[in-house]
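Each remark here refers to the structure printed beneath this line.
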Amino acid sequence: MSAGAVFQEALRELRRYGLPEEAERNVLAAMEAGRPGPLALLYVAGAEAGLGREVLLRRAAGLFFCACAANLADDLADGECSYLAEPWRVGPGVQFTLQSLCFAALARSEVPAPVLAEAADAMVTAAGLQVLEVHTPTWTAARYEQVAEGIAGKQWALYLRVLWEGTALAGQAVEVGRSLGVAAHVAEDIRSGDPRFHGMTEEDQHAVLAWARVAVDIVRRAALSSLDAVLRTVEPLLNRHA
């Protein structure tokens, strides 16, 4: 129900603009491709921070648009965008729309301008490191950690920074979000067989696993039930590959 509520809020935001039918259909396809993604986690993390429902839904919806834009960019780079016709022509416009929807929603969700500026800065870093990823022919622990910090750590740091603004959890958002993103990124690469991780030497894999376990410890120390639920999925994958 929580994930569905955020998705419905994102739909309402999309339909505010009366986009041409073809444009709305393509944006909706990218949203469906990014679903469930972070929907449920954004809701429960915002609820645990004590956000009111209206602000929570709008912030979570805005961040979901950001996640969908990043997901689309990754799919376009990997040639895996099967949900758009002629993705090389249609995809850039859809990504531009999703990123614009992100800021439009967040601007109406009681997020101060300086926090939005922080979010934009983090997005620039994340996007730049996604470009670095496609130019990496051989993965080492150092390059893996550099890229993961941007495409996962920076993204989740900005998600929680924006989501928790004005709450008692705001002060730990960047550290906890960054650590959550890093740990989940490594675990997902292990689960999916991604060559970023599995193509490294055994020594480099062990170095990345140790790095991810430090991130897990940071998240655990936050003692938040919404994030502990993620760790219950992440830790078995890290331990299985030990």
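The values are calculated or read from the model by the stated rules, or taken from the named source; none is laboratory data. Here the structure is a predicted model, which is why all the values come from computation and not from measurement. FYI the Cβ positions are ideal-geometry reconstructions off the backbone, even for glycines, and counts take in every protein chain you see. Just the protein is used for accessible areas: all its heavy atoms, side chains included, with ligands, DNA and RNA removed. Shrake-Rupley method; radii C 1.70, N 1.55, O 1.52, S 1.80 Å.
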Checklist outcome for this item: Given (1) within 18 Å of residue 155 (Cα to Cα); (2) over 17 Å from the mean Cα position of the chain (by Cα); (3) modelled with pLDDT of 90 or more, residue 106 misses just (2)
Item to check | Selection status of residue 50, open to solvent by 30 Å² or more (accessible area, probe 1.4 Å), at pLDDT 95 or above and on the phi > 0 side of the Ramachandran plot | outcome: yes
Checklist entry - Does segment 136-167 hold any residues that are open to solvent by 10 Å² or more (accessible area, probe 1.4 Å) and not in a helix (DSSP H, G or I), and which are they? => result 136, 137, 138, 139, 140, 165, 166, 167
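Yes/no matrix, rows are residues, columns are (1) open to solvent by 30 Å² or more (accessible area, probe 1.4 Å); (2) basic (Lys, Arg):
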site: 43; (1), (2): yes, no
site: 54; (1), (2): yes, no
site: 76; (1), (2): yes, no
site: 82; (1), (2): yes, no
site: 91; (1), (2): no, no
site: 108; (1), (2): yes, yes
site: 121; (1), (2): yes, no
Checklist entry - Can you pull out the residues in segment 184-242 that are open to solvent by less than 30 Å² (accessible area, probe 1.4 Å), more than 21 Å from the chain's Cα centre (by Cα) and hydrophobic (A, V, I, L, M, F, W, C)? => result 200
Checklist entry - Restricting to helices (runs of 4 or more DSSP H) lying wholly in segment 168-242: which have 2 or more residues that are acidic (Asp, Glu), in contact with a Pro (Cβ under 7 Å, 6 or more places away or on another chain) and modelled with pLDDT of 95 or more? => result none
